Amino acid sequence: MKAKFDGTWVRLGNEGRALYDQSGYGRPEDDGLRLSPEEASYLLHRGRIEIEGYSFDALIAYFARRADFLRTFLVYRDLRERGYAVQSGPHDFRVFRRGQRPGTGQSQYMVRVLSERDLIDFEALIHEALASSRMRKQHILAVVDDENELTYYEIKVENLQKAGEGAGMSPLEGILVGRSALVRSAPSGDRAIAGYGMHLDAERMILAPLEIIHLMATGTLVLRDGEKTVDSDHYFALAAAADRELGEKAAVYTDLRNRGYIPKTGYKFGHHFRVYSGQKVHSEMLVHAVARGIRLPMSSISRSVRLAHSVKKKMLFGHQHTTGIQYVEFARIKL
C-alpha cells in the first residue's frame, strides 16, 4: 500500500481506510487516512505500507529528531505486538481492549511514556491519573530503560478508607530526652496506646519525634524539659533541626493516624513508614512522604516498587496536594 510523507504526517489514500476499519490505525480524513509517526514507522517495519524515498531505517532516523520518539515508538510497537489497538492521546496513547478498536470499542488504558531517567512530578501525575479515572480508564506509565526494555506500572490515586476509629487516650506526661520523650507506660490493656512508642521496661516507654508531634497536636501529651513545659512549636523546631524531611513526614503521619492506621518507621525498607491497618499482624503498605514541588527520579521509584512487591506490600507515595494528602500507588503490571 503506497503512502506519501509530507515531513510531518504520512498519508494514505482511500484504500488506507481498511487499516482503520479493520485494525484501528490512523485518523480518517476526507481523502484517506493520516498516520502518526509511530503508526507509520510500525506499518513500514511490518511491510504493510511503502513510502516513496524512505526505508524503515531512514524514516525512523528522521522521526528520531524528536528526542522522545524512539521510546514512544518502542512502546507503540510493544502494545501492538501484544494485540492492542492504539491511538494517540490524550496522554501519549489510548489503548483499546483486546479485540476492540476505535469507532466501535472501548479503550482500557491511558498510557504515558517515560524514560527511567525522568523525574516524576506528582502534581502532574495525580492530575493525569484522576483524569483517567474519571474516564473509567486505567492509568499506565510505560517506562523505557537505558537498554530500551519496557516496564509497565499502573498508577492509582488511592482514597484510603478509614481503618477504624481511634480509641480515646488518657493524658500522658513526658520528659524530654534529647529529641525523644520518656513517658510512663499505659496499662497493658489500654488499646489506645497501641502502636505508639518503644517499651524501655515494664514502666517506661520512649516516644519518637513524629509520635510526640502528633500526640502534642491532639492535646494528649504534655512534654516537659525539667520544670518547663515545652510547647509544640518549640519541639517541632528542635526535631526539624535534625530531620529536614520532618514537615512532609509529620503531615503524612498525622493523616494516616487520623484515618485509623498505625504508621511505624519504614527505615528497614528504605522508606518513611510501614503502615498497619490493625487487621493483620504484618504491615500492608510502605508509604513515602513527598513534599509539594519535590520530584523523584523514576529509577528510585522503580526500586521502591520492586522492594515493596518482594515483601508483599503496596507502595504508596503520600503527596502534599492542594486538597490534602493524596496517596499515589505504583504497581508493576503485565499488559
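The values are calculated or read from the model by the stated rules, or taken from the named source; none is laboratory data. On a predicted model such as this, the values are computed, not experimentally measured, just so you know. FYI the Cβ positions are ideal-geometry reconstructions off the backbone, even for glycines, and counts take in every protein chain you see.
Just a few scattered comments:
- Pairs meeting the criteria (first residue in the range 56-75 and under 21 Å from Thr151 (Cα atoms), second residue hydroxyl-bearing (Ser, Thr, Tyr) and modelled with pLDDT of 95 or more, beta carbons under 7 Å, at least 6 apart or on different chains) are Arg71/Ser115; Phe73/Ser41.
- If the condition is being buried (at least 17 other Cβ atoms within 10 Å of the Cβ) and under 31 Å from the mean Cα position of the chain (by Cα), then the range 195-206 contributes Tyr196, Gly197.
- Filtered by the rule that a residue be part of a helix (DSSP H, G or I) and not hydroxyl-bearing (Ser, Thr, Tyr), the range 229-246 gives Asp233, His234, Phe236, Ala237, Leu238, Ala239, Ala240, Leu246.
- If the condition is being in contact with a Lys or Arg (Cβ under 7 Å, 6 or more places away or on another chain) and under 13 Å from Tyr20 (Cα atoms), then the range 94-113 contributes only Gly105.
- Whichever residue in the range 165-190 is in contact with a Ser or Thr (Cβ under 8 Å, 6 or more places away or on another chain) and of a type in the set (A, V, I, L, M, F, W, C) and, among such residues, is modelled with the highest pLDDT: Leu172
- One residue from Gly324, Gly270 being in contact (Cβ under 8 Å) with a residue 60 or more places away in the chain, small (Gly, Ala, Ser), loosely packed, with under 15 Cβ neighbours inside 10 Å and touching a helix residue (DSSP H, G or I) at 6+ places or on another chain (Cβ under 8 Å): Gly324
- Of the numbered criteria (1) at pLDDT below 95; (2) under 26 Å from Tyr261 (Cβ atoms), the one Arg117 fails is (2).
- Single residue of Ala40, Ala67, Ala18 found to be more than 27 Å from Arg98 (Cα to Cα), of a type in the set (A, V, I, L, M) and out of contact with any helix residue (DSSP H, G or I) (no Cβ under 6 Å at 6 or more places or on another chain): Ala67
- Being under 23 Å from Glu123 (Cα atoms), surrounded by fewer than 18 Cβ atoms within 10 Å (Cβ to Cβ) and in contact with a Leu (Cβ under 6 Å, 6 or more places away or on another chain) is a property that does not hold for Arg303.
- Top-ranked residue in the range 27-65 [being hydroxyl-bearing (Ser, Thr, Tyr) and outside any strand (DSSP E or B); ranked as farthest from Ser88 (Cα to Cα)]: Ser55
- Residues of the range 35-62 satisfying the condition of being of a type in the set (D, E, K, R) and farther than 21 Å from Gln87 by Cβ: Glu50, Glu52, Asp57
- Residue in the range 273-300 that is nearest to Asp118 (Cα to Cα), counting only those that are among the small types (Gly, Ala, Ser) and surrounded by fewer than 23 Cβ atoms within 10 Å (Cβ to Cβ): Ser299
- Taken together, Gly99, Gly89, Gly83, Gly105 contain a single residue that is closer than 19 Å to Arg34 by Cα and among the small types (Gly, Ala, Ser), which is Gly89.
- Restricting Arg274, Arg292 to residues that are among the charged types (D, E, K, R), at pLDDT below 95 and out of contact with any His (no Cβ under 6 Å at 6 or more places or on another chain) narrows the list to Arg292.
Okay, residues lined up against (1) outside any strand (DSSP E or B); (2) within 30 Å of Ala289 (Cα to Cα); (3) touching a helix residue (DSSP H, G or I) at 6+ places or on another chain (Cβ under 9 Å):
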residue	(1), (2), (3)
Phe73	yes, no, yes
Arg77	yes, no, yes
Gly83	yes, no, no
His91	yes, yes, yes
Val95	no, no, yes
Gly103	yes, no, yes
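- Arg17 being assigned to a loop (DSSP other than H, G, I, E, B) and of a type in the set (D, E, K, R): no
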